[in-house]
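A.B. asks: Just dropping this structure here.
Read-outs: derived from the displayed coordinates by stated rules, not from any lab. Everything quoted here is computed from the prediction, not taken from an experiment. Positions of Cβ are generated from backbone atoms using ideal geometry, with glycine treated the same way; all protein chains shown enter the neighbour counts.
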Amino acid sequence: MSDPRKTATNPPARTPGAPPAERGLTLVEMIVVLAIIALVAALIVPNVIGRPDQARVTVANTDLKTISAALKMYRLDTGGYPTTQQGLAALAKQPQGADAPANWNPEGYLADVPVDPWDRPYLYKSPGDSGAGFELGSLGRDGKPGGEGVDADLGVVG
């Protein structure tokens with residue numbers, strides 16, 4: 001005869017010392033987790049969303065550093081910075097004409113030339129007024145020279 005303890009209706013006996021069967025999260029536990037996530041989001045989101053102008057300044061500063069690094073790579077390859085007339089477009093597309101550099105990287109230096117977070121082109125001048133190789137900048141939120149805070153001019157000299 002067959003052993004009645006090994007039927008389909010009776011689960012196998014647990015081995016002493018084995019961990020209890022795994023179980024999933026209950027509905028109450030899920031609600032508690034979602035409440036905690038909502039609380040954290042309620043505390044953080046207003047701080048992030050309430051500062052869009054400061055975020056734009058951060059983006060502009062990051063763009064300026066990226067463009068500056070691309071300009072320095074351009075100089076290493078070609079022996080000089082793009083002229084003011086060639087502009088930052090020379091980083092994305094090889095300049096043509098008499099001023100065309102011989103050793104321009106066929107992959108370019110930037111995929112495309114970014115505009116500042118206020119949808120204006122970055123300012124570029126080479127050589128710079130201060131005698132530097134280039135001057136690169138943005139006029140900030142107000143689009144006018146000078147200003148303070150988020151309206152302040154941003155720039156890099158290289």
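A.B. asks: Figure the gain on full extension for GLN96 and VAL28 (residue separation times 0.36 nm, minus the Cα-Cα span) and round it to one decimal in nm. Intermediate values should be presented prior to the final figure.
C.D. replies: On the way: separation 68, 0.36 × 68 = 24.48 nm, distance 6.78 nm.
Once the chain is fully extended between GLN96 and VAL28, it gains 17.7 nm.
A.B. asks: Enumerate the amide H contacts of VAL113 below 5 Å, restricted to partners 5 or more residues apart or on another chain; note that Pro and chain-start residues carry no placed amide H.
C.D. replies: none
A.B. asks: Quote the FRET efficiency, to the nearest 0.05, computed for VAL115 versus VAL45 with a Förster distance R0 of 25 Å and r equal to the Cβ-Cβ distance.
C.D. replies: Plugging the Cβ-Cβ distance into 1/(1 + (r/R0)^6) gives 0.35.
A.B. asks: If you don't mind, there's one more thing I want to ask. Given a Förster distance of 35 angstrom, what is the FRET efficiency for ASN103 paired with THR58, based on the Cβ-Cβ distance and rounded to 0.05?
C.D. replies: Details: r = 34 Å, r/R0 = 0.97.
The pair ASN103/THR58 has a calculated efficiency of 0.55.
A.B. asks: Now, a different point. Taking 0.36 nm per residue of sequence separation and subtracting the Cα-Cα distance, how much length would be gained by fully extending the chain between SER68 and ASP151, in nm to one decimal? Intermediate values should be presented prior to the final figure.
C.D. replies: Working: separation 83, 0.36 × 83 = 29.88 nm, distance 2.15 nm.
Taking 0.36 nm per residue and subtracting the Cα distance, the gain is 27.7 nm.
A.B. asks: Enumerate the amide H contacts of PHE134 below 5 Å, restricted to partners 5 or more residues apart or on another chain; note that Pro and chain-start residues carry no placed amide H.
C.D. replies: Hits under the 5 Å cutoff: GLY128, GLY158.
A.B. asks: Return the sequence-ordered ³J(HN,Hα) values of region 66-71 in whole Hz as given by the Karplus equation 6.51 cos²θ - 1.76 cosθ + 1.60 applied to θ = phi - 60°, using x for Gly and Pro.
C.D. replies: With coefficients 6.51, -1.76 and 1.60, one gets 5, 5, 4, 5, 5, 4 Hz.
A.B. asks: Whole-Hz Karplus ³J(HN,Hα) for region 51-64, in order, using 6.51 cos²θ - 1.76 cosθ + 1.60 and θ = phi - 60°, x for Gly and Pro?
C.D. replies: Once θ is set to phi - 60°, the couplings for region 51-64 become 10, x, 5, 5, 5, 5, 4, 5, 4, 4, 4, 5, 4, 4 Hz.
A.B. asks: Which of the three applies to region 114-156, rounded, prolate or oblate, going by the alpha-carbon gyration tensor with a ≥ b ≥ c and a/c under 1.5 meaning rounded? Mind dumping the intermediate values first?
C.D. replies: On the way: a/c = 2.98, a/b = 1.58, b/c = 1.89.
Here region 114-156 falls in the oblate category.
A.B. asks: Which ³J(HN,Hα) values in Hz, rounded to whole numbers, follow from the phi angles of region 124-136 under the Karplus curve 6.51 cos²θ - 1.76 cosθ + 1.60, where θ = phi - 60° and Gly and Pro get x?
C.D. replies: 9, 9, 9, x, x, 4, 7, x, 6, x, 7, 10, 9
A.B. asks: For THR84, what residues show an amide H to amide H distance below 5 Å, using hydrogens built from the backbone and excluding near sequence neighbours?
C.D. replies: Amide H neighbours of THR84: SER126.
A.B. asks: Further question on the same structure: For region 35-158, just say rounded, prolate or oblate: build the C-alpha gyration tensor, square-root its eigenvalues into a ≥ b ≥ c, call rounded for a/c under 1.5, and beyond that prolate if a/b exceeds b/c, oblate if not.
C.D. replies: On the way: a/c = 3.26, a/b = 1.97, b/c = 1.66.
Cα axes put region 35-158 in the prolate bin.
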